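In what follows, a single structure is set out as structure tokens and then discussed.
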Protein chains: 2
Amino acid sequence: MKRKTFGPVTSQQVAQIAGVSQSAVSRTFTPGASIAPATREKVLKAARELGYRPNAIARSLNTARSRIVGVVMSYFDNQFYPQVLETLAQKLDELNYHLLLFVGDRDGNVDRIFDQIMQYRVDGIVLASVSLSMELSQECVAAGIPVVLFNRSEESGIVSSVNSDNETAARQIAHFLLAGGHHRFAYVAGIADSSVNQARQKGFTETLHRQGIASVHVVQGNYDAEQTRRAASELFSVSPTPDAVFAANDHMALMVMDVARYEFGLRIPEDVSVIGYDDTGPSGWPSYALTSASQPVEAMVQATVALLMKQIDSGTIEPEQVVVPGQLVVRHSARRPQAGVVEKDGVSLFQLQEVE
Amino acid sequence: MKRKTFGPVTSQQVAQIAGVSQSAVSRTFTPGASIAPATREKVLKAARELGYRPNAIARSLNTARSRIVGVVMSYFDNQFYPQVLETLAQKLDELNYHLLLFVGDRDGNVDRIFDQIMQYRVDGIVLASVSLSMELSQECVAAGIPVVLFNRSEESGIVSSVNSDNETAARQIAHFLLAGGHHRFAYVAGIADSSVNQARQKGFTETLHRQGIASVHVVQGNYDAEQTRRAASELFSVSPTPDAVFAANDHMALMVMDVARYEFGLRIPEDVSVIGYDDTGPSGWPSYALTSASQPVEAMVQATVALLMKQIDSGTIEPEQVVVPGQLVVRHSARRPQAGVVEKDGVSLFQLQEVE
DNA sequence: CTGAAAGCGCTTACAG
DNA sequence: CTGAAAGCGCTTACAG
């Protein structure tokens, strides 16, 4: 019915040249399949001549395994995410899986993307910077597709997630600032209903309240550079001006530092201390030297991939919430407390002896 | 032979429920196929009930179009690339194409990656931060797979590429620095045999030589943070110290600025001017305010996608070398010349009246 | 170890 | 406009 055009080489063609059956060709390229060394050699030789590569698409159709993982990500200007993406691609590659990338609109228009992902019959999905609606989660479970939320979680607990210990870290930051002798606190929030923002805000403000701080000035940065600029301006415009600012992520914290220094002429940390969350590359740059709660990318990605593989291999989906511990990396953007900062492998960390 | 497990819903199942043939289901989901509205409705209803989505993998097998573009990228810590990736994913998505991401080893071990890419029968390939060997290029042409090199090129001209006008921009930078009254020039090189490095180095040094500058201190940053740190240290350690440094990209330029300021206590631009290339996000941050040659990501990606689509649609591969013009964005990391800097849409640009 | 053949889930001439 | 059927390039029981 159709005519064979001069497309890529097929196993059929290789078989012909090698003088074996098409099955033999297939077996040659299927690890563990039973094939005589001699046959194998003939096939490999012919394959080399023709430049044959097995068609992964066709393979997927039989095996019902695409070896593709769909990844939805946004906020590419926040270094944390590209770093995650790079690591994810590498770790998947090691397992011979591949990564189909989708960029999430910030509007959270997941449904359309989700539809696209599903069409490719991915073996698993990683959602970073976007959350999944209840409905879609259900559908994944029904379809038997593992999903893991990366750096976000869902209350229902119906879908797996990997996070750092946001609330604990935020509490630690509160104690760090308290111990550093600060008095007027501010919090630059991320998108209000994002799970990480909630956990960080909760840990921070609750701890402060418990320690007798009556109020925390909360402004919305929404993980967005421009909004953060405005939020920071507001922060430093109304008096009393804060002497300690915790931004829900580094991306916003760096912006806060720039606004403080270059628009308000404030010295950091003499006039105001700034702390972030993520410990991304730029935070370590001397111009910023941002004190920040680390999110161990390597460990978090490792956990993500492990979760995915476990579910793919077992064929069953048992949601798990993984929490990877992080550390408060102390640099120079915040006044240091007298005690509690320890040196470890060349970096300074804050060790909290929390007595709750 | 095989038993149907409870996987995703198939068109067959939808057909059964809708009481139509499987062909009808297929047509319903094939834009432009001839299908009666009434039939279509029945199918859509059944599809909705079952949560049916056409299997893109199976579709690819017939159409010999995967609607997948393979992208090889590295240097994720250089903001330029994530930005490119994000834009690329979005533009492809608009055309209903998808992006399979591969992370290139810095060793340039393209072959293995290439093999993987080919197995998925991608409709096109974008190589950013990695170049293709002659051999592989041939193989792509033979297989009829469009390839475009992004931000790099190949002498042979056998494969398409998209670049900014590296040499012109570098010449402009030389003139800018000359006009700014600098005398001792240095160049922080990227990987020596990368095409963009060569073009930038050539444009810069040749222009300087032609204007009577006897020597330019060239050090190797190799696009790598740590190597750049060392290179910068060397630069500022041997006297006479340069008063003008052009780094082959922003990523290195930022590092040079940090080393100059925080390790050598130099003031920028009073003691030394620094210029970069890419005009990425961090360059605009007040802490750096890096003067930099812009690479218009949007336009470059647009050109890349256009090239790809043209070749995919036509089925023929005619290599094209696209050069997108950029501009020298003037900020505060380099002394400004008396004349030539103009204000445009809120940014300062250097307009060269080159008299060659 | 090997080949013939069924089947994966679609698309698309073909004949109505 | 519609359905039956061939075919896309593989994998994998099955029977030797």
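The values are calculated or read from the model by the stated rules, or taken from the named source; none is laboratory data. Everything quoted here is computed from the prediction, not taken from an experiment. Counting neighbours? That spans all protein chains shown, and the Cβs are built from the backbone with ideal geometry, glycine included.
Details
- Taken together, the residues in segment B:61-70 that are within 20 Å of the chain's Cα centre (by Cα) and facing chain A (nearest Cβ under 8 Å) amount to 1.
- Checked against (1) within 12 Å of DNA strand D (Cβ to nearest atom); (2) touching a residue at least 60 places away in the same chain (Cβ under 8 Å), residue A:8 passes all but a single condition, namely (2).
- Screening A:282, A:240, A:269, A:286 for residues that are over 19 Å from residue A:176 (Cα atoms) and more than 14 Å from chain B (Cβ to nearest Cβ) leaves exactly one candidate, A:240.
- Close contacts from segment A:48-61, counting a first residue that is farther than 15 Å from residue A:121 by Cβ and among the basic types (Lys, Arg) and a second that is away from DNA strand C (no atom under 13 Å from the Cβ) and part of a helix (DSSP H, G or I), with Cβ to Cβ under 7 Å and a gap of 6+ residues or different chains, come to A:53/B:115; A:53/B:118; A:53/B:119.
- Verdict on residue B:83 being within 12 Å of chain A (Cβ to nearest Cβ) and free of Cβ contacts under 8 Å to residues at least 40 places away in the same chain: no
- Only residues that are β-branched (Val, Ile, Thr) and either within 13 Å of chain A (Cβ to nearest Cβ) or within 8 Å of DNA strand C (Cβ to nearest atom) (or both) were counted in segment B:40-60, giving 1.
- Checking each residue in segment A:153-202 for being in a loop (DSSP other than H, G, I, E, B), closer than 20 Å to residue A:324 by Cβ and of a type in the set (S, T, N, Q) picks out A:153, A:194.
- Qualifying residue in segment A:227-234 (condition: closer than 26 Å to residue B:75 by Cα, in the same structural domain as residue A:196 (by TED's automatic domain parsing) and within 22 Å of the chain's Cα centre (by Cα)): no
- Yes/no for residue B:274 being touching a residue at least 12 places away in the same chain (Cβ under 8 Å) and outside the structural domain of residue B:138 (by TED's automatic domain parsing): yes
- Across segment B:17-30, the qualifying residues are those that are surrounded by fewer than 15 Cβ atoms within 10 Å (Cβ to Cβ) and more than 7 Å from DNA strand D (Cβ to nearest atom), and the one among them that is nearest to the other protein chains (Cβ to nearest Cβ) is B:30.
One line per residue, one yes/no per condition, for (1) surrounded by fewer than 23 Cβ atoms within 10 Å (Cβ to Cβ); (2) closer than 24 Å to residue B:128 by Cβ; (3) within 14 Å of chain A (Cβ to nearest Cβ):
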| position | (1), (2), (3) |
| --- | --- |
| B:174 | no, no, no |
| B:187 | no, yes, no |
| B:198 | yes, yes, no |
| B:209 | yes, no, no |
| B:222 | yes, yes, no |
| B:274 | no, no, yes |
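- Residue ID - nearest to residue B:63 (Cα to Cα), chosen from residues in segment A:31-57 that are more than 12 Å from DNA strand D (Cβ to nearest atom) and of a type in the set (Gly, Ala, Ser): A:46
- Residues located in segment A:153-168, provided they are over 17 Å from the mean Cα position of the chain (by Cα) and either under 13 Å from residue A:246 (Cα atoms) or modelled with pLDDT of 95 or more (or both): A:167, A:168
- Positions within segment B:206-235 being over 19 Å from residue B:256 (Cα atoms) and part of a helix (DSSP H, G or I), in sequence order: B:206, B:207, B:208, B:209, B:210
To keep it simple, each residue is scored yes or no on (1) buried (at least 23 other Cβ atoms within 10 Å of the Cβ); (2) of a type in the set (A, V, I, L, M, F, W, C); (3) within 11 Å of another protein chain (Cβ to nearest Cβ).
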position	(1), (2), (3)
A:88	yes, yes, yes
A:93	no, no, yes
A:138	no, no, yes
A:145	no, yes, yes
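- Members of segment A:26-39 that are under 17 Å from residue A:14 (Cα atoms) and near DNA strand C (Cβ under 7 Å from one of its atoms): A:27, A:35, A:36, A:38, A:39
- Among residues of segment B:235-264 that are farther than 14 Å from residue A:287 by Cα and modelled with pLDDT of 95 or more, those with a beta-carbon under 6 Å from a residue that is charged (D, E, K, R) and assigned to a loop (DSSP other than H, G, I, E, B) at least six positions away or on a different chain give the pairs B:242/B:184; B:243/B:184.
- Failed condition for residue B:77, given (1) touching a residue at least 12 places away in the same chain (Cβ under 8 Å); (2) at the interface with chain A (Cβ under 7 Å from one of its Cβ atoms); (3) within 17 Å of residue B:298 (Cα to Cα); (4) among the charged types (D, E, K, R): (3)
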